[in-house]
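**Q** So that we are looking at the same thing, I have put the structure below in structure tokens.
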Amino acid sequence: MDLFPAIERLRRERRAIILAHNYQPDEIQDLADFVGDSLALSQKAAKTDAEVIVFCGVHFMAETAAILAPEKKVLLPAPDAGCPLAEMAEPEAVLAAKKEHPAAAVVAYVNTSAAVKAVADYCCTSANAVRVVRTIPYEEIIFLPDRNLGHYVARQVPEKRIIIWPGFCVTHHRIRPEEVEAVRATHPDAPVLVHPECPPEVVDRADFVGSTSQIIKKVKEMEAETFIIGTEMGILHQLRKENPGKKFFLLSPGLLCPNMKRTTLERVHHALRELAPVVTVPEPIRTRARTALERMLAIT
Ligand code: CIZ
């Protein structure tokens, strides 16, 4: 069966919108009504008048959409798509850290479970982490769960004391600084753009550091012909589509998130046909997590 027209028909019948993260497989991005980072997708979910949201991404992203749009049915076609980084922070451990540092605010990266967002004071994304930490009226901050993003933020906001959680993204954390040196030798004129989830030694050697949405924006503004990209390979699809005259190379061959690749056309079709699997966030976790997300949205 040709799944594209079948999905299209079901999408109309179900009054559904398909949202895909920048790291999703190419064919899923092509199918989607909207492609973006997790925050932009969740905001889209909250604003849409569609009744069903098919969230092509990983579990914490669909949860964020369910927190912000509780009246809609949020479907996650790949229910086995977790995020090892999100699993590196548990609510009990966060509460224990709060007890140890009673004057500190907890800033939780969006890559956390709803249960962790519910015990956090603020959320942030990689696009706004520096701004959130700089703006909030706290001198001491527990930043979780990504230690590389935490180090990046701490360097940009030296006036605050940042207690950094030891988590990491398995995909970004494995990039080595020698890979930047090697690519500089083969493509000396190509700017290197990396995600702040990369280790500090990689970030130090890059020309630009930013979230997926910031990398996409920056490439459009730059005049170079060739670019080296240090984030998950799914982003190359958008970059190539939006910049047909430019060339892109991955900084490291290991930049592939297996969880992001669990979404398939078959699974999207199945989700729309069965209206399952549904992602929900129970009360009072939803309301508490929403408060942390709304505090972030008020800053950005
Ligand atoms: O916020 C997101 O969607 C993530 C996880 C990365 C990014 O930079 O967009």
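The values are calculated or read from the model by the stated rules, or taken from the named source; none is laboratory data. Quick caveat, the model's predicted, so the values are computed rather than measured. Cβ atoms come from the backbone with ideal geometry, glycine included; neighbour counts cover every protein chain shown. Accessible surface areas use protein heavy atoms only, side chains included; no ligands, DNA or RNA. Shrake-Rupley method; radii C 1.70, N 1.55, O 1.52, S 1.80 Å.
**Q** Please pick out the residue among Ala127, Ala154 that is open to solvent by 20 Å² or more (accessible area, probe 1.4 Å) and under 15 Å from the mean Cα position of the chain (by Cα).
**A** Values: Ala154 fails: under 15 Å from the mean Cα position of the chain (by Cα).
The unique qualifying residue is Ala127.
**Q** Hey, any hits in region 236-244 for a residue that's more than 23 Å from Ile18 (Cβ to Cβ) and open to solvent by 70 Å² or more (accessible area, probe 1.4 Å)? It would help to see each step written out before you state the result.
**A** Step one: list which residues in region 236-244 are more than 23 Å from Ile18 (Cβ to Cβ), which gives 243-244.
Keeping just the survivors that are open to solvent by 70 Å² or more (accessible area, probe 1.4 Å) gives 244.
So far as region 236-244 goes, yes, one or more of its residues are more than 23 Å from Ile18 (Cβ to Cβ) and open to solvent by 70 Å² or more (accessible area, probe 1.4 Å).
**Q** Follow-up. Among the residues in region 176-189, are any within 16 Å of the ligand (Cβ to nearest atom), in contact with a strand residue (DSSP E or B) (Cβ under 9 Å, 6 or more places away or on another chain) and not assigned by TED's automatic domain parsing to the domain that holds Ser126?
**A** Checking region 176-189: not a single residue is within 16 Å of the ligand (Cβ to nearest atom), in contact with a strand residue (DSSP E or B) (Cβ under 9 Å, 6 or more places away or on another chain) and not assigned by TED's automatic domain parsing to the domain that holds Ser126.
**Q** Please verify whether Asp33 is assigned by TED's automatic domain parsing to the domain that holds Ala271, without any contact (Cβ under 8 Å) to a residue 24 or more places away in the chain and touching a strand residue (DSSP E or B) at 6+ places or on another chain (Cβ under 8 Å), treating the condition exactly as stated.
**A** Values: assigned by TED's automatic domain parsing to the domain that holds Ala271: yes; without any contact (Cβ under 8 Å) to a residue 24 or more places away in the chain: yes; touching a strand residue (DSSP E or B) at 6+ places or on another chain (Cβ under 8 Å): yes.
It is true that Asp33 is assigned by TED's automatic domain parsing to the domain that holds Ala271, without any contact (Cβ under 8 Å) to a residue 24 or more places away in the chain and touching a strand residue (DSSP E or B) at 6+ places or on another chain (Cβ under 8 Å).
**Q** Taking the stated definitions as given, is Ala190 open to solvent by less than 10 Å² (accessible area, probe 1.4 Å) and over 15 Å from Ser126 (Cα atoms)?
**A** yes
**Q** I would also like to ask the following. Out of all the residues in region 198-220, which are open to solvent by 10 Å² or more (accessible area, probe 1.4 Å) and within 9 Å of the ligand (Cβ to nearest atom)?
**A** Once the filter is applied, which keeps residues that are open to solvent by 10 Å² or more (accessible area, probe 1.4 Å) and within 9 Å of the ligand (Cβ to nearest atom), region 198-220 yields Ser213, Gln214.
**Q** Looking at (1) within 30 Å of Arg267 (Cα to Cα); (2) open to solvent by less than 40 Å² (accessible area, probe 1.4 Å), find the lone condition where Trp165 falls short.
**A** Going through the list (1) within 30 Å of Arg267 (Cα to Cα); (2) open to solvent by less than 40 Å² (accessible area, probe 1.4 Å), Trp165 breaks only (1).
Yes/no per residue for (1) farther than 30 Å from Glu13 by Cβ; (2) more than 16 Å from the ligand (Cβ to nearest atom); (3) loosely packed, with under 14 Cβ neighbours inside 10 Å:
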| position | (1), (2), (3) |
| --- | --- |
| Gly230 | yes, no, no |
| Gly254 | yes, yes, no |
| Met260 | no, no, no |
| Thr263 | no, no, no |
| Glu274 | no, yes, yes |
| Pro277 | no, yes, no |
| Ile285 | yes, yes, no |
| Ala289 | yes, no, no |
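To keep it simple, each residue is scored yes or no on (1) modelled with pLDDT of 95 or more; (2) assigned by TED's automatic domain parsing to the domain that holds Leu275; (3) not charged (D, E, K, R).
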position	(1), (2), (3)
Lys47	no, yes, no
Val52	yes, yes, yes
Gly57	yes, yes, yes
Leu75	yes, yes, yes
Lys98	yes, no, no
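**Q** Report yes if Pro70 is touching a residue at least 24 places away in the same chain (Cβ under 8 Å), more than 15 Å from the chain's Cα centre (by Cα), over 19 Å from Cys124 (Cβ atoms) and open to solvent by 60 Å² or more (accessible area, probe 1.4 Å), otherwise no.
**A** Working: touching a residue at least 24 places away in the same chain (Cβ under 8 Å): yes; more than 15 Å from the chain's Cα centre (by Cα): yes; over 19 Å from Cys124 (Cβ atoms): yes; open to solvent by 60 Å² or more (accessible area, probe 1.4 Å): yes.
Considered against the rule, which asks whether it is touching a residue at least 24 places away in the same chain (Cβ under 8 Å), more than 15 Å from the chain's Cα centre (by Cα), over 19 Å from Cys124 (Cβ atoms) and open to solvent by 60 Å² or more (accessible area, probe 1.4 Å), Pro70 comes out as yes.
**Q** Still on this structure: Which of the residues belonging to region 242-289 are in a loop (DSSP other than H, G, I, E, B), of a type in the set (A, V, I, L, M, F, W, C) and more than 20 Å from the chain's Cα centre (by Cα)? Step through it out loud before you land on a result.
**A** Going through region 242-289, the residues in a loop (DSSP other than H, G, I, E, B) turn out to be 243-246, 251-259, 263-264, 275-277, 279-284.
With of a type in the set (A, V, I, L, M, F, W, C) added as a condition, the list becomes 251, 255-257, 275-276, 279, 281.
Selection gives Leu275, Ala276.
**Q** Determine, yes or no, whether Ala45 is in a helix (DSSP H, G or I), open to solvent by less than 70 Å² (accessible area, probe 1.4 Å) and under 26 Å from Val116 (Cα atoms).
**A** Details: in a helix (DSSP H, G or I): yes; open to solvent by less than 70 Å² (accessible area, probe 1.4 Å): yes; under 26 Å from Val116 (Cα atoms): yes.
Yes, satisfied.
**Q** Scan (1) away from the ligand (no atom under 15 Å from the Cβ); (2) closer than 22 Å to Pro277 by Cβ; (3) not basic (Lys, Arg) for the single condition Ala103 breaks and write down its number.
**A** So the condition that Ala103 fails would be (2).
**Q** Please tell me if Ile175 is part of a strand (DSSP E or B) and of a type in the set (A, V, I, L, M, F, W, C). Give the steps one after another, and end with the answer.
**A** Numbers: part of a strand (DSSP E or B): no; of a type in the set (A, V, I, L, M, F, W, C): yes.
Judged against the criteria, Ile175 is not a match.
**Q** Related question: Do the conditions hold for Pro91, that is, is it out of contact with any strand residue (DSSP E or B) (no Cβ under 9 Å at 6 or more places or on another chain), open to solvent by less than 30 Å² (accessible area, probe 1.4 Å) and either modelled with pLDDT under 95 or more than 14 Å from the ligand (Cβ to nearest atom) (or both)? Steps first, please.
**A** Values: out of contact with any strand residue (DSSP E or B) (no Cβ under 9 Å at 6 or more places or on another chain): yes; open to solvent by less than 30 Å² (accessible area, probe 1.4 Å): yes; either modelled with pLDDT under 95 or more than 14 Å from the ligand (Cβ to nearest atom) (or both): yes.
Spelling it out, Pro91 is indeed out of contact with any strand residue (DSSP E or B) (no Cβ under 9 Å at 6 or more places or on another chain), open to solvent by less than 30 Å² (accessible area, probe 1.4 Å) and either modelled with pLDDT under 95 or more than 14 Å from the ligand (Cβ to nearest atom) (or both).
**Q** It is to be established whether one or more residues within region 17-31 are open to solvent by 20 Å² or more (accessible area, probe 1.4 Å), of a type in the set (Gly, Ala, Ser) and either within 16 Å of the ligand (Cβ to nearest atom) or in contact with a Gly (Cβ under 6 Å, 6 or more places away or on another chain) (or both).
**A** Checking region 17-31: not a single residue is open to solvent by 20 Å² or more (accessible area, probe 1.4 Å), of a type in the set (Gly, Ala, Ser) and either within 16 Å of the ligand (Cβ to nearest atom) or in contact with a Gly (Cβ under 6 Å, 6 or more places away or on another chain) (or both).
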